[in-house]
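*Asks:* Just passing along the structure, written as structure tokens.
The values are calculated or read from the model by the stated rules, or taken from the named source; none is laboratory data. A quick note: this is a predicted structure, and the numbers were derived from the prediction, not measured. In this analysis, Cβ positions are derived from the backbone assuming ideal geometry, glycine residues included, and neighbour counts consider all displayed protein chains.
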2 protein chains.
Amino acid sequence: MPDLRRDPVVGRWVIISTERAGRPRDFFHVEPTRPSSAGLCPFCPGQEHLTPREVLAYRPQAGEANSPGWTVRVVPNKFPALQVEGDLGRVGVGLYDRMNGLGAHEVIIETADHKDTLADLPSKRIEDVLWAYRDRVVDLKRDLRFRYILVFKNHGAPAGATLEHTHSQLIALPVIPTIVMNEIEGCRTHFQQKERCIYCDIIRQEQEDTERIVAENQEFLCIAPFAARFPFEMWILPKRHAAYFEESQKGQFELLAPNLSEALRRMDRVLSRPAYNFILHTSPLHEKTDPYYHWHIEIIPKLTQVAGFEWGTGFYINPVTPEDSAKFLREADIETR
Amino acid sequence: MPDLRRDPVVGRWVIISTERAGRPRDFFHVEPTRPSSAGLCPFCPGQEHLTPREVLAYRPQAGEANSPGWTVRVVPNKFPALQVEGDLGRVGVGLYDRMNGLGAHEVIIETADHKDTLADLPSKRIEDVLWAYRDRVVDLKRDLRFRYILVFKNHGAPAGATLEHTHSQLIALPVIPTIVMNEIEGCRTHFQQKERCIYCDIIRQEQEDTERIVAENQEFLCIAPFAARFPFEMWILPKRHAAYFEESQKGQFELLAPNLSEALRRMDRVLSRPAYNFILHTSPLHEKTDPYYHWHIEIIPKLTQVAGFEWGTGFYINPVTPEDSAKFLREADIETR
């Protein structure tokens, strides 16, 4: 019998229907991401002039801006979805509301080496990428026009990446995305009833149940969530309650990097290096969500031919139980690093 | 400057960012749906034994069940996401809620001819498909375990169709999908404030503005919505206020068919027969939503490489203004029928 499960935070019901896994074209036929070929890549060292001027770069040996020698480099997106200059110009159009598409859209180039993926990097280098996210959030937060900063990664063309060279993106927005609003409301309701953070409750229950745990260290827990929308969906949660990603302790970044690395390498091993998205869910910038919101990362492998109507309805059918996903991932044979 | 627009019903903000349309791999490179090849298609006449036994069929010349001679045929899905027998078995698992995956999952085979698409059919035949939706909803509604019936269509492999022979699907659910809940709440709030249906207000404003209208007849209006998530997204709205699709008048079905046909043929013409999804948004079954909810159909062409993170964040970037989408569609040169 298939299983209907409810996400405790946003109230979304999901069908876990393993009977369908044996159907034609099942989800295991993943479209592997193609091997990289450098060519004239605008994200490669020596091509710095092909991108807009950098807003941040880590250069272990110092060196000039917009020249080689960096390990992580952040540049404005050449084709930005939003523009950083101007005012909001909020206006009603009859029944409708609109405002100017004001915001920042940046690209975090995660490594100088064209052939590496994020999962290929040593933990220390992944940590630098996380620091780059944090430094940009802290900088952009000072601009009071912005209400949310969305950090995300599209890896591989099937997941929406238009360039191969491994990178993440950041969009600073003058509005709060609906999914974040729904999470905040779910968290607030739980807190009002119980004076506890719902994600802290989830962590406690997952540590007791253990069957949905993928990877764990002193500060972070990676699980396949109870009401997973997608096969092999993973969440990474800080064990210490915290609403704002950018306010994490140094020691936490040091332990988030190996947890994220392990999750990605387990996924790469089980699914043969699939395309994937990850999304950082953190608190809106100027809202007082400390007591009840809890930042986390969602990782979603992009598996082909999962029913196409799902993004149109908000309704999900998942052909793999999260318990099975976690077991496959946990038992994958990866190098210890 | 890009434009940020808010959906008046669910409050979702969308970025309309035409600056990105000129970027590499833009949305106009659609993956065309492949031409059909019949082979051993379980939806073709003569192969009725390859599907579960039919629950409904229209046979103009009468004839036996599960034999050829039908024009529309409805069968249970051979790989159902939900199972029709059993009870709900609602249970809490610590913090979490689950229940049995109870429901119906049916396939509406829209025509006996393997090579036709829904858009290729004459209006009268599309009307029969709509009657089949309606007849199945009316029948399943009597089962009080169900709270929502989702009617949708995945056309073409990129939109999630696993079989070529043109068909729609129906899923009867013991829960209400989140997106429908959000719509209902948005409608209820508007009604409480103004004692008017928000979709009726939208229709009135669109008829005044005219620039987002794609097709219109006496009973139906097809528009590109103001805060469209996707290029060439279309909504079809009945002009008369009505919460329940299945309670439409006969004369309405007669006029919905040509409006839907026209929308699909305009889309086929502009986008070279793309893959697409459509979703019927209708009221939950046993809720008293008459005064404020308004059923409608959403049509979403599946264009490749629209940013892949969108279904993970609920946040949308649309590279084509709905005004341009509507203009392209409205001006497409199609046969009058």
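*Asks:* Looking only at region B:173-181, decide whether some residue is more than 9 Å from chain A (Cβ to nearest Cβ) and either crowded, with 22+ Cβ neighbours inside 10 Å or at pLDDT below 95 (or both).
*Replies:* First pass over region B:173-181, keeping only residues more than 9 Å from chain A (Cβ to nearest Cβ): none.
Within region B:173-181, not a single residue is more than 9 Å from chain A (Cβ to nearest Cβ) and either crowded, with 22+ Cβ neighbours inside 10 Å or at pLDDT below 95 (or both).
*Asks:* Could you list all residues from region B:154-168 that are facing chain A (nearest Cβ under 8 Å), at negative phi and within 15 Å of the chain's Cα centre (by Cα)? Give the steps one after another, and end with the answer.
*Replies:* Residues of region B:154-168 facing chain A (nearest Cβ under 8 Å): B:154, B:157-162.
From what's left, at negative phi: B:154, B:157-159, B:161-162.
Of everything in region B:154-168, those that are facing chain A (nearest Cβ under 8 Å), at negative phi and within 15 Å of the chain's Cα centre (by Cα) turn out to be B:154, B:159, B:161.
*Asks:* Follow-up question, since we're still on this one. Looking at residue A:70 and the list (1) in a loop (DSSP other than H, G, I, E, B); (2) surrounded by 21 or more Cβ atoms within 10 Å (Cβ to Cβ); (3) modelled with pLDDT under 95, which single condition is not satisfied?
*Replies:* All conditions pass for residue A:70, except number (3).
*Asks:* Further question on the same structure: How many of the residues in region B:204-214 are surrounded by fewer than 22 Cβ atoms within 10 Å (Cβ to Cβ) and in contact (Cβ under 8 Å) with a residue 24 or more places away in the chain? Please lay out each step first, then the result.
*Replies:* Let us first name the residues in region B:204-214 that are surrounded by fewer than 22 Cβ atoms within 10 Å (Cβ to Cβ), namely B:204-205, B:207-211, B:213.
Now narrow it down to the ones that are in contact (Cβ under 8 Å) with a residue 24 or more places away in the chain: B:211, B:213.
Result for region B:204-214: 2.
*Asks:* Let me ask something else about it. Scanning for something within 28 Å of the chain's Cα centre (by Cα), more than 24 Å from residue A:127 (Cα to Cα) and touching a residue at least 60 places away in the same chain (Cβ under 8 Å), does region A:73-83 turn up at least one residue?
*Replies:* From region A:73-83, those within 28 Å of the chain's Cα centre (by Cα) are A:73-83; that's our starting set.
Within this subset, residues satisfying the condition of being more than 24 Å from residue A:127 (Cα to Cα) are A:78-83.
This time we only want the ones that are touching a residue at least 60 places away in the same chain (Cβ under 8 Å), so: A:81-82.
Looking for residues that are within 28 Å of the chain's Cα centre (by Cα), more than 24 Å from residue A:127 (Cα to Cα) and touching a residue at least 60 places away in the same chain (Cβ under 8 Å), one finds at least one in region A:73-83, hence yes.
*Asks:* Whether any residue in region A:110-124 is free of Cβ contacts under 8 Å to residues at least 12 places away in the same chain, over 21 Å from the mean Cα position of the chain (by Cα) and not in a strand (DSSP E or B) is what I want to check. Explain how you work it out, then say what you get.
*Replies:* Narrowing region A:110-124 to residues free of Cβ contacts under 8 Å to residues at least 12 places away in the same chain: A:113, A:120.
From what's left, over 21 Å from the mean Cα position of the chain (by Cα): A:113.
Pick out the ones that are also not in a strand (DSSP E or B) and you get A:113.
Yes, the conditions are met somewhere in region A:110-124.
*Asks:* Which one of the conditions (1) more than 9 Å from chain B (Cβ to nearest Cβ); (2) in contact with a helix residue (DSSP H, G or I) (Cβ under 6 Å, 6 or more places away or on another chain) does residue A:145 fail to meet, given that it meets all the rest?
*Replies:* (2)
*Asks:* Same structure again: Among (1) outside any loop (DSSP other than H, G, I, E, B); (2) surrounded by 15 or more Cβ atoms within 10 Å (Cβ to Cβ); (3) among the hydrophobic types (A, V, I, L, M, F, W, C), which single condition is residue A:146 missing?
*Replies:* Only one criterion is unmet by residue A:146, namely (1).
*Asks:* Which one of these is modelled with pLDDT of 95 or more and over 23 Å from residue B:325 (Cα atoms): B:242, B:263? Break it down stepwise before answering.
*Replies:* Working: B:263 fails: over 23 Å from residue B:325 (Cα atoms).
The match here is B:242.
*Asks:* Taking region B:81-101, which residues are surrounded by 13 or more Cβ atoms within 10 Å (Cβ to Cβ), part of a loop (DSSP other than H, G, I, E, B) and either facing another protein chain (nearest Cβ under 7 Å) or touching a helix residue (DSSP H, G or I) at 6+ places or on another chain (Cβ under 7 Å) (or both)? I'd like the intermediate steps shown before the answer.
*Replies:* The initial filter retains those residues of region B:81-101 that are surrounded by 13 or more Cβ atoms within 10 Å (Cβ to Cβ), namely B:81-84, B:88-89, B:94-101.
Now narrow it down to the ones that are part of a loop (DSSP other than H, G, I, E, B): B:81-82, B:84, B:88-89, B:94-95, B:101.
Hits for region B:81-101 are B:81, B:82, B:94, B:95, B:101.
*Asks:* On the basis of being under 16 Å from the mean Cα position of the chain (by Cα) and of a type in the set (Phe, Trp, Tyr), does residue B:244 make the cut?
*Replies:* yes
*Asks:* Something else about it: Working carefully through the options A:223, A:202, find the one that is in contact with a helix residue (DSSP H, G or I) (Cβ under 6 Å, 6 or more places away or on another chain), at pLDDT 95 or above and within 19 Å of residue A:329 (Cβ to Cβ). Break it down into steps so the answer makes sense when it comes.
*Replies:* Values: A:202 fails: in contact with a helix residue (DSSP H, G or I) (Cβ under 6 Å, 6 or more places away or on another chain).
Answer to the check: A:223.
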